[in-house]
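All remarks here apply to the structure that follows.
The values are calculated or read from the model by the stated rules, or taken from the named source; none is laboratory data. It should be emphasised that the depicted structure is a prediction, and the values quoted were computed from it without experimental measurement. Cβ placement follows ideal geometry from the backbone for every residue including glycine, while neighbour counts extend to all protein chains displayed.
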Amino acid sequence: MRVVGIALILLLLLLTGSVPAACGPREVKFPDPGLEAYIRGVIKKPEGAIFPSDLTEITKIHIGGDYFDSLPPVFSDLTGLEYCVNLNILYLEGYKIRDLSPVAGLTKLTVVFIQYGEISDLSPLAGLTNLTGLGFPFNEISDISPLASLTNLTTLYLDYNKIVDISPLISLTSLKTLSLFYNPLSNASVNIYIPQLKERGVQIDW
């Protein structure tokens with residue numbers, strides 16, 4: 001009876017989540033079929049479950065250009081990339097990406113370039129201090145304050161957004177190249193902050 005009682009208690013604990021179940025590796029789910037198709041091509045696993053261990057060798061993701069035409073028309077969810085823990089470069093062109101939170105923990109990222117998206121929130125990038133290059137042309141960005149902590153940034157492309165205030169960029173002491181074409185920049189940005197950046201040798205297009 002005592003053995004049965006212990007078994008029942010353990011079962012209850014497992015059901016309530018108080019004790020981790022003894023199970024195999026967690027399967028990685030990619031809700032977006034286009035992203036999953038790309039990842040499967042990279043890891044050469046056309047079918048079957050995808051596990052975190054399958055993704056550790058991925059250091060670069062480049063989706064755009066010619067590859068764009070071969071993907072499903074809906075591509076907007078980066079969920080699953082959080083398991084690509086060794087990712088250095090992320091390049092996406094032509095997809096309606098909105099949420100960057102799946103990459104917030106990818107601390108090995110050095111370059112992120114997402115063009116023609118629907119991104120407005122850059123806060124998931126605030127802790128990625130190894131970033132040296134960022135590009136978000138043709139998005140919906142107005143607040144760039146999350147970039148103020150990225151002091152290793154050397155290159156930044158923010159063309160065709162909704163940016164008014166560029167004062168957060170003053171703290172980017174490593175910045176060398178900045179592009180701000182077609183943003184509604186404030187007078188302060190144009191008359192104060194751009195001259196300050198130029199005095200430091202930053203090449204600016206706006």
* Is it fair to say Ser123 is farther than 25 Å from Ile50 by Cβ, in contact with a Pro (Cβ under 6 Å, 6 or more places away or on another chain) and without any contact (Cβ under 8 Å) to a residue 24 or more places away in the chain? -> yes
* Asked: Looking at segment 15-29, is at least one residue more than 16 Å from the chain's Cα centre (by Cα), closer than 30 Å to Leu125 by Cβ and at pLDDT below 50?
  -> no
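Check Leu153, Leu90, Leu134 and return the single one that is in a loop (DSSP other than H, G, I, E, B) and at pLDDT 95 or above.
Details: Leu90 fails: in a loop (DSSP other than H, G, I, E, B); Leu134 fails: in a loop (DSSP other than H, G, I, E, B).
Within the list Leu153, Leu90, Leu134, the selection yields Leu153.
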* Just one of Tyr83, Tyr116 is at pLDDT 95 or above, crowded, with 16+ Cβ neighbours inside 10 Å and not polar (S, T, N, Q); which is it? -> Tyr83
* To do: Within segment 68-77, identify whether any single residue is at pLDDT 95 or above, out of contact with any strand residue (DSSP E or B) (no Cβ under 8 Å at 6 or more places or on another chain) and of a type outside the set (Asp, Glu), and answer yes or no.
  => no
* Restricting attention to segment 140-150, which residues are farther than 14 Å from Pro124 by Cβ and either out of contact with any helix residue (DSSP H, G or I) (no Cβ under 9 Å at 6 or more places or on another chain) or not in a helix (DSSP H, G or I) (or both)? -> Glu140, Ser142
* **One residue from Leu128, Leu185, Leu109 being touching a residue at least 24 places away in the same chain (Cβ under 8 Å) and either in a loop (DSSP other than H, G, I, E, B) or in contact with a helix residue (DSSP H, G or I) (Cβ under 9 Å, 6 or more places away or on another chain) (or both)** => Leu128
* Asked: Which pairs do you get when a residue that is assigned to a helix (DSSP H, G or I), found in segment 32-43, comes within reach of a residue that is surrounded by fewer than 16 Cβ atoms within 10 Å (Cβ to Cβ) and charged (D, E, K, R), reach meaning Cβ atoms under 8 angstrom, with the pair 6+ apart or on two chains?
  -> Arg40/Glu47; Ile43/Glu57
* Give just the number: which of (1) in a loop (DSSP other than H, G, I, E, B); (2) surrounded by fewer than 17 Cβ atoms within 10 Å (Cβ to Cβ) does Ile163 not satisfy? => (2)
* Quick one: Gly201 ticks every box in (1) touching a residue at least 24 places away in the same chain (Cβ under 8 Å); (2) surrounded by 14 or more Cβ atoms within 10 Å (Cβ to Cβ) bar one, so which box is it? -> (2)
